[in-house]
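First the structure, in the form of structure tokens, and then the observations on it.
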Amino acid sequence: MDNRKHRCLPTLDFERKYWDQGIELIAGVDEAGRGPLAGPVVAAAVIFPKDMFIEGVDDSKRLSAKKREVLFHTIYERALGVGVGIVSHEVIDRVNIFQASVLAMRKAIERLHPEPQMILADGNSFTHDRLRYENIVHGDAKSFTVAAASIIAKVTRDGLMREFHEVFTLYGFDRHKGYGTKRHFEAIRQYGLCEIHRRSFHTQTVEPGGSTRDARP
């Protein structure tokens, strides 16, 4: 039996809770790239018109690359606003990946127009000193708006890693997007670290099979 047919897709339940309070501008925010050994962490924030729902939107990790690309364009077409925040590997090494992920989320919110009245954030770490927010653990699998943000973040980051592949051709970034695949570890052992590798992720010997987040290449 295929359990995927029986699991729940993201809904508008979280959004409706705030719509019922008269709050209409609700942003979902999520990041991609916490787990890779190289490259930036990218966050996206999305606001939709009230009651907007796009069939097929799901946690980006559950979607094929082809499906994500199609939904990426549909989300941009139907959203009231989309913001993207990018935090480089240098900043990740300086402040750690958890702080860098929150920073990327805040940057995405700053680039979002119109400004949201409420933020639904994936995970349990997001904070904002001015805007109202709610953290939702596994929010990209529960909230439609957060799932849409996860797609924008993932597709944007994958595109950046394909661009990095054109510069650092020996590492296969176009295929694994910086995650710790067997091919990636073999390249590191053969060629050493390149400019975009996260040095803080290589302070100890790292072996394939270690846990990574959003690990679909």
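Each reported figure results from applying straightforward, stated rules to the coordinates on display, with no laboratory input. Not measured: the values here are computed from a predicted model. Ideal geometry is used to build each Cβ from the backbone, glycine not excepted, and the neighbour counts take in all protein chains shown.
The phi-based Karplus calculation (6.51 cos²θ - 1.76 cosθ + 1.60; θ = phi - 60°) puts the 3J(HN,Hα) values of segment 127-135 at 9, 8, 7, 10, 9, 6, 8, 9, 7 Hz, whole numbers, x for Gly and Pro. Residue separation of ARG132 and GLU69 scaled by 0.36 nm, minus their Cα-Cα distance, works out to 19.6 nm of gained length. Computed from the Cβ-Cβ distance with R0 of 25 Å, the FRET efficiency linking GLU166 to SER200 stands at 0.50. In summary, the lysines within cross-link reach of LYS50, defined as a Cα separation below 28 angstrom excluding same-chain residues under 8 places away, comprise LYS5, LYS17, LYS61, LYS66, LYS67, LYS107, LYS142, LYS154. Each of THR74, THR145 was scored by other Cβ atoms within 10 Å of its Cβ. Arranged with the fewest first, they read THR74, THR145. Close amide H partners of ALA27, meaning residues 5 or more places away or on another chain with modelled amide H under 5 Å apart, are GLN117, MET118, ILE119, LEU120. Mind giving me the FRET efficiency for ARG175 and ARG111? R0 is 35 Å, r the Cβ-Cβ distance, nearest 0.05 is fine. After rounding, the FRET efficiency stands at 0.75.
Between ARG16 and LYS61, the simple label model (points 7 Å from Cα in the Cβ direction) yields a spacing of 2.7 nm.
Taking every DSSP beta bridge that has both ends in the chain, the antiparallel portion is near 60%. Charges were assigned to the Cβ only: +1 to each Lys and Arg, -1 to each Asp and Glu. The resulting dipole of segment 10-202 about its Cα centre is roughly 580 debye. Computed from phi, the 3J(HN,Hα) profile of segment 43-58 under the Karplus parametrisation 6.51, -1.76, 1.60 (θ = phi - 60°) reads 10, 9, 10, 9, 10, 10, x, 3, 6, 5, 9, 10, 4, x, 5, 8 Hz, with x in place of Gly and Pro.
Using the Karplus relation 6.51 cos²θ - 1.76 cosθ + 1.60 with θ = phi - 60°, the per-residue 3J(HN,Hα) values for segment 101-112 come to 5, 5, 4, 4, 4, 5, 4, 4, 5, 4, 8, 8 Hz, with x marking Gly and Pro.
Convex hull of alpha carbon positions in segment 1-115: directionally averaged projected area 8.7 nm². Exposure proxy ranking for MET118, MET105, MET161, MET52, based on other Cβ atoms within 10 angstrom of each Cβ and starting from the fewest, stands as MET52, MET118, MET161, MET105.
Once the Cα atoms are used to define both axes, helix 65-78 deviates from the longest principal axis of the chain by about 40 degrees.
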